[in-house]
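The values are calculated or read from the model by the stated rules, or taken from the named source; none is laboratory data. Because the structure is predicted, anything quoted here is derived from the model rather than measured. Cβ placement follows ideal geometry from the backbone for every residue including glycine, while neighbour counts extend to all protein chains displayed. Note: accessible area is taken over every heavy atom of the protein model, side chains too, but ligands, DNA and RNA are not part of it. Shrake-Rupley method; radii C 1.70, N 1.55, O 1.52, S 1.80 Å.
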Amino acid sequence: MHTRLEHTTGDNSPQSLPASTSTPIQHKPSIEFFLLIGLAVVTLIPRILLARQLDVVTDEVVYILGGKVYLPLITHANISSSQWYTFNYEHPPLAKILMGLSIAFNNIFGHLFSELFAGRIPSILMGTLLVAAVYWLGRAPFGRTIALIAALSLAFSPWLVYFSALAYLDMTMTAFITIAFLTLWHAIRRPWLFPIVALLVGLGAASKYTAVLVVPGIILFVAYYYFLLRPMMPVEERPILPWKWWVIAIIIAPLAFFIVDPALWLNPLARLSHSFAFEWSHSANGHPTFIAGQYYLHVPHWSIVYIIFTKMSAFLTIPAAIFVVAKIVQLIRFHFNKSRIDYHKAARLAYIVIWLLSILGMFSLLNIVVGTHYHLPLAPPVAVAGVSGLAMIIHFIAGFIHNKGTNAVISSSTPDARVASKPAVLLPIILLALLTIVPHLYGLTTVYAAEGYTNEFFQNNENSTLQVAYPGYREALQWLADNHDTHSNVGLIALPGTLNGYSSSANWFYYNTDMSKLFQLKEAHPKDQSFTQYKYLVWPKHLVQRGYPLPSQTKMIHAITGGNTIYCYILEVDSK
């Protein structure tokens, strides 16, 4: 079965590289367009549904309030306000400004959505854009089949869906830098795209500083292609070094970062230093995190591998690892003239390998990881490499088993042989799609709230593997309302200020006023000396993981779960 899945649907290659030796399947533009629209729709649906369902999650109120504070400052041209550098100054403002805009438009159009959902819309859209870009921009370097299947795997990934449904900074940042790296391949053919790559990186950094960790990978691939691969090309096919566009790109990235961050306009050096100082202090002091059954203030460098393996299907992560090792060996052989691959394929392989390894290496340098969302930028290259690796494995196994029979069929020129060749192409593609898409789709549809998903080895159980991110307060109160007396005193256990927040117009109670009518609610703290004033407590699992055990004077009466992951415990307090 001589079917190379990674080649069956190849797209046009950069003009400076020879076309793929395989015969591409030509699709009409209308079909491509409908595929893109269909992909966007199936990506949007679970993100919208989950964003409407999820309770407020810890940091959302901070970012939403940031958007509500920053946007009026912009509309009133109040750049000198101290609020720019006193409220949540540790993070740049672009993603928060987008949240503020979304809430403002929601208000203008008569509150079509709740304010919480409106604040989540930018993440929903950016998460959808990321998936669409993996397919649309990935057709050229990866082929249509690989790009589409990888995009669908990301569309249904419970990990990505969960963080696309929250008003967090990370999905916006991840989308910008993913699209930047995908655009990089096309910039080889069209050098005027290098400033676009830089613009996207600048916007990513203006959403969250960790976006700059994509830059070494971009530089490495550009250096590899122009200074290592280019001299191996025939003279007439060597592209001109685009020095002009590189210089423009170097200027564009910091300029874009500066323009979309009004907090820097008056005193950029002082205010940027002020923000970086917080990040440095945060990094030095550490942040409590639960990973691999251990409690850390500073996470080990291998934690990124553990997180990506746990939060993505093993049918992607294991083949991705095999693919990277195999292709590194192949690239080494190519450069020692011991491999028959052409330099077009060498460029494609190096592109995928550099994308994955550079993101893995750079993000592993983060010594504090508040949650798994810190490593979201690794998901797209792992998905692409995983699908490519599984395609390689399927091809190898199919060729080993059916080599003689397939050769006999292909050697025949009868119409029956041509018909018989169709399953030889379609069956491996169907198998590839099933193995890489269905595990994520099954997890998404069976694990409540999606956050509790873990791969096949961990069986949707984060309790002893990763810090549980979803607190589930609202679901706990809904269960109490359905099963016990209302109007009881209920203590919502959280670290000080988590639920009360910075403002009465953006905190957990503000977004759950209906629950405040059913119960007498109060933020309580795990270190409180006594809980006898409450009848019930809602105790998030992540606090247990971080060293705050359930108090002895309570009895667990229920647990809110997603899969086998416990989000929170509902405790009845012994009043004696």
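Below are the figures for this structure:
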| item | result |
| --- | --- |
| Residue check, His186 farther than 28 Å from Thr310 by Cβ, open to solvent by 10 Å² or more (accessible area, probe 1.4 Å) and part of a loop (DSSP other than H, G, I, E, B) | no |
| Any chance Asp514 is among the acidic types (Asp, Glu), open to solvent by 60 Å² or more (accessible area, probe 1.4 Å) and in a helix (DSSP H, G or I) | yes |
| From the options Leu444, Leu432, Leu426, Leu466, residue that is open to solvent by 10 Å² or more (accessible area, probe 1.4 Å) and within 26 Å of the chain's Cα centre (by Cα) | Leu444 |
| Scan of region 208-220 for residues that are open to solvent by 10 Å² or more (accessible area, probe 1.4 Å) and either over 20 Å from Pro92 (Cβ atoms) or touching a residue at least 12 places away in the same chain (Cβ under 8 Å) (or both), ordered by number | Lys208, Tyr209, Thr210, Leu213, Val215, Pro216, Ile218, Ile219, Leu220 |
| Verdict on Tyr536 being under 27 Å from Glu115 (Cβ atoms) and touching a helix residue (DSSP H, G or I) at 6+ places or on another chain (Cβ under 7 Å) | no |
| Matching residues, region 331-368, being more than 30 Å from Arg546 (Cα to Cα) and open to solvent by 40 Å² or more (accessible area, probe 1.4 Å) | Ile332, Arg333, His335, Phe336, Asn337, Lys338, Arg340, Asp342, Leu357 |
| Region 111-170: number of residues that are farther than 23 Å from Ser313 by Cα and outside any helix (DSSP H, G or I) | 8 |
| Selected residue (only one of Ala205, Ala270, Ala223, Ala284 is crowded, with 20+ Cβ neighbours inside 10 Å and either small (Gly, Ala, Ser) or without any contact (Cβ under 8 Å) to a residue 24 or more places away in the chain (or both)) | Ala205 |
| Filtered residue count, region 361-378, keeping only those that are hydrophobic (A, V, I, L, M, F, W, C) and in a loop (DSSP other than H, G, I, E, B) | 5 |
| Condition broken by Leu499, with the remaining ones in (1) surrounded by fewer than 22 Cβ atoms within 10 Å (Cβ to Cβ); (2) part of a loop (DSSP other than H, G, I, E, B); (3) in contact (Cβ under 8 Å) with a residue 24 or more places away in the chain satisfied | (1) |
| Check on Lys555, out of contact with any Asp or Glu (no Cβ under 6 Å at 6 or more places or on another chain) and basic (Lys, Arg) | no |
| Number of the condition not met by Gly371 [criteria: (1) surrounded by fewer than 22 Cβ atoms within 10 Å (Cβ to Cβ); (2) modelled with pLDDT under 95; (3) not polar (S, T, N, Q)] | (1) |
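Every residue, every condition in (1) more than 17 Å from Leu378 (Cα to Cα); (2) touching a helix residue (DSSP H, G or I) at 6+ places or on another chain (Cβ under 9 Å); (3) modelled with pLDDT of 95 or more, yes or no:
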site	(1), (2), (3)
Tyr295	yes, yes, no
Val305	no, yes, yes
Ala314	no, yes, yes
Thr317	no, yes, yes
Ile328	yes, yes, yes
Ile341	yes, yes, no
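Residues are listed down the side, and each one gets a yes or a no for (1) out of contact with any Gly (no Cβ under 8 Å at 6 or more places or on another chain); (2) of a type outside the set (Phe, Trp, Tyr); (3) surrounded by fewer than 15 Cβ atoms within 10 Å (Cβ to Cβ):
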residue: Pro262; (1), (2), (3): yes, yes, no
residue: Glu279; (1), (2), (3): yes, yes, yes
residue: Tyr295; (1), (2), (3): no, no, yes
residue: Val299; (1), (2), (3): yes, yes, no
residue: Ser303; (1), (2), (3): yes, yes, no
residue: Lys311; (1), (2), (3): yes, yes, no
residue: Thr317; (1), (2), (3): no, yes, no
